[in-house]
Amino acid sequence: MEDSPQHHHSHHHPDNEQQQQQPPSSSPPTTGTCCKCGGPTTYAPSFASPPPSYRPIRAPAIPPDPNSSRAIMLAPIPQPQKVPPSPSPTTSSPAKRIQSPDDLRRLHSSPSGQNFIGFVAALSASVRGRKISDPCHLSPAAHSLLSLLQTLIEFADQTPPLPQPARFGNVAFRSWHDRMSSAAESLVLPLLPDALHPAAPELLPYLTDSFGNASRIDYGTGHETNFAAFLYCLARLSVIAEEDYPAVVTRVFVKYLELMRKLQLQYCLEPAGSHGVWGLDDYHFLPFIFGSSQLVDHKYMKPKSIHNQDILENFSDEYLYLACIAFVKKVKKGVFAEHSPMLDDISGVPTWSKVNSGLLKMYKAEVLEKVPIMQHFLFGSLIKWYVFRFLLLWFMHLDVFVCCCCCFGLYRTMGLFA
């Protein structure tokens with residue numbers, strides 16, 4: 001009985017070989033491979049119709065364009081500029097103007113665009129070699145700004161997150177944002193002398209757009225840029241002067257960063273337009289610029305020092321750059337070079353001076369020259385939109401000579417000087 005199964009197997013095995021050696025039937029030959037199981041098919045693959053392209057809502061986490069990186073490296077370093085005082089405030093609200101790359105080129109060729117990035121560079125230069133705890137001049141305006149931000153922190157303490165299963169976007173943020181927007185005017189007016197109260201309607205949109213979007217419950221570098229624009233407008237109104245710049249960075253901006261970290265963690269704000277692992281940071285850019293300037297010419301700490309945990313623990317309270325690195329390592333798990341390759345690459349730069357100049361150029365290229373970010377930027381009497389300058393250059397490009405008086409009359413008719 002034990003031999004029968006073996007005999008049965010050996011009896012049928014030759015038949016199987018004969019069946020395999022028989023000539024194939026009249027079915028067509030196998031010329032393709034199944035895309036699911038990898039087995040042979042009788043139909044050749046067709047390449048006539050490629051799959052439809054998928055366009056995600058948010059940019060995927062892809063490596064940066066090497067041509068773009070080269071353009072950033074070859075770009076001039078933004079230099080500090082003095083902020084020209086505004087002649088007289090207006091009561092009009094600012095409006096959006098940017099809709100295309102041509103509009104961005106118009107902005108950055110105008111005095112407004114050049115002076116705004118010059119203001120950011122001036123803030124960066126003002127804290128060169130300074131620690132956060134170093135004494136600095138605190139004007140009444142700086143005190144008022146700190147009070148404003150502290151009030152918003154207290155609003156967050158009084159608006160706890162609501163229980164919900166979603167990973168991002170706690171809806172309680174909308175309640176906080178509504179309360180902030182309602183109180184914005186009463187928070188801004190103490191900043192301004194009585195003669196400048198008419199400028200409040202122009203300042204309010206910059207402030208209320210500095211803390212994220214209430215409908216999307218997100219925050220990104222565009223909102224951070226709005227806060228820089230709010231400070232720039234105060235500088236144009238001469239509410240803050242150059243002697244206030246160190247306090248604006250080491251006191252006011254540090255308090256702003258404290259507020260935003262609280263909002264990001266408490267309400268799980270979604271990163272707005274994040275580049276994934278190939279971005280500098282999910283939310284912020286400016287503290288890396290200011291923080292790298294603080295560390296310029298430091299005797300002991302180099303860009304590679306960010307990998308030293310003891311340095312991060314002992315000095316992150318004094319230097320914004322180290323504080324940002326410590327926060328990234330706190331909220332992101334895994335190998336630093338894998339979840340933050342851009343910051344890891346920057347740590348290989350030999351000096352903080354080169355890091356600072358590179359970040360200034362990168363901020364201009366990756367934030368101020370991106371339509372998805374700058375399409376929400378606002379322009380008014382303090383940050384002007386220069387239409388006349390662009391049209392004049394356009395006429396010159398076409399080699400058309402137009403009498404200045406006729407031009408002025410035409411543009412005035414078109415309402416461009418209204």
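Kindly state, to the nearest 0.05, the FRET efficiency for Arg216 paired with His143, given R0 = 35 Å and r defined as their beta-carbon distance.
Numbers: r = 33 Å, r/R0 = 0.95.
Between Arg216 and His143 the formula returns 0.60.
For Leu74 and Ser182, calculate 0.36 nm times their separation in residues minus their Cα-Cα distance, and state this gained length in nm to one decimal.
Numbers: separation 108, 0.36 × 108 = 38.88 nm, distance 4.51 nm.
So the extension gain works out to 34.4 nm.
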Could you give the nm distance between label points at Asp194 and Asn308, where each point is 7 Å from its Cα heading toward the beta carbon?
-> 5.6 nm
Projecting the Cα atoms of Met301, Gly273, Tyr232 onto the charge dipole of the range 215-305, where Lys and Arg contribute +1 and Asp and Glu -1 at Cβ, the residue farthest towards the positive end is Met301
Given backbone amide H placed at 1.01 Å from N, residues whose amide H is under 5 Å from that of Asp218, ignoring those fewer than 5 places away on the same chain, are Asn213, Glu270
Ala95-Val331 pseudo-label distance in nm [points 7 Å out on the Cα-to-Cβ vector] | 3.6 nm
Measure of exposure for Leu265: accessible area at 1.4 Å probe, Å² rounded to 10, is 90 Å²
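Tell me, in nm to one decimal, what length is gained between Glu154 and Glu242 on full extension, where the rule is 0.36 nm per residue of separation less the Cα-Cα distance?
Values: separation 88, 0.36 × 88 = 31.68 nm, distance 2.96 nm.
That pair, Glu154 and Glu242, stretches by 28.7 nm at full extension.
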Mind checking which lysines have their Cα closer than 23 Å to the Cα of Lys384? Skip sequence neighbours fewer than 8 apart in that chain.
-> Lys82, Lys96, Lys361, Lys364, Lys370
Points 7 angstrom from Cα along the Cβ direction at Glu258 and Asp344: gap in nanometres?
-> 3.3 nm
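What is the sum of charges around Glu313, taking Lys and Arg as +1, Asp and Glu as -1, for the other residues whose C-beta is under 14 Å from the C-beta of Glu313? Provide the component values of the computation, followed by the final result.
On the way: positive: Lys329, Lys330; negative: Asp310, Asp317, Glu318.
Neighbour charge sum, excluding Glu313 itself: -1.
Rounded, prolate or oblate for the range 176-334? Axes are the square roots of the Cα gyration tensor eigenvalues, ordered a ≥ b ≥ c, and the cut-off for rounded is a/c under 1.5. Walk me through the intermediate numbers first.
Details: a/c = 2.53, a/b = 1.43, b/c = 1.77.
In terms of gyration-tensor shape, oblate.
Take the alpha carbon atoms of the range 91-155, find their radius of gyration, then divide it by 2.2 N^0.38 Å using N residues; give the quotient.
So the Cα radius of gyration is 1.60 times the expected 2.2 N^0.38 Å.
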Kindly report, to the nearest 10 Å², the accessible surface of Asp345 as traced by a 1.4 Å probe over protein heavy atoms only.
-> 100 Å²
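The values are calculated or read from the model by the stated rules, or taken from the named source; none is laboratory data. Computed from a prediction, not measured in an experiment: that's the story for all the values here. Note that we place each Cβ from the backbone using ideal geometry, even for glycine, and neighbour counts take in every protein chain shown. Only protein heavy atoms, including side chains, enter the accessible area calculation; ligands, DNA and RNA are left aside. Shrake-Rupley method; radii C 1.70, N 1.55, O 1.52, S 1.80 Å.
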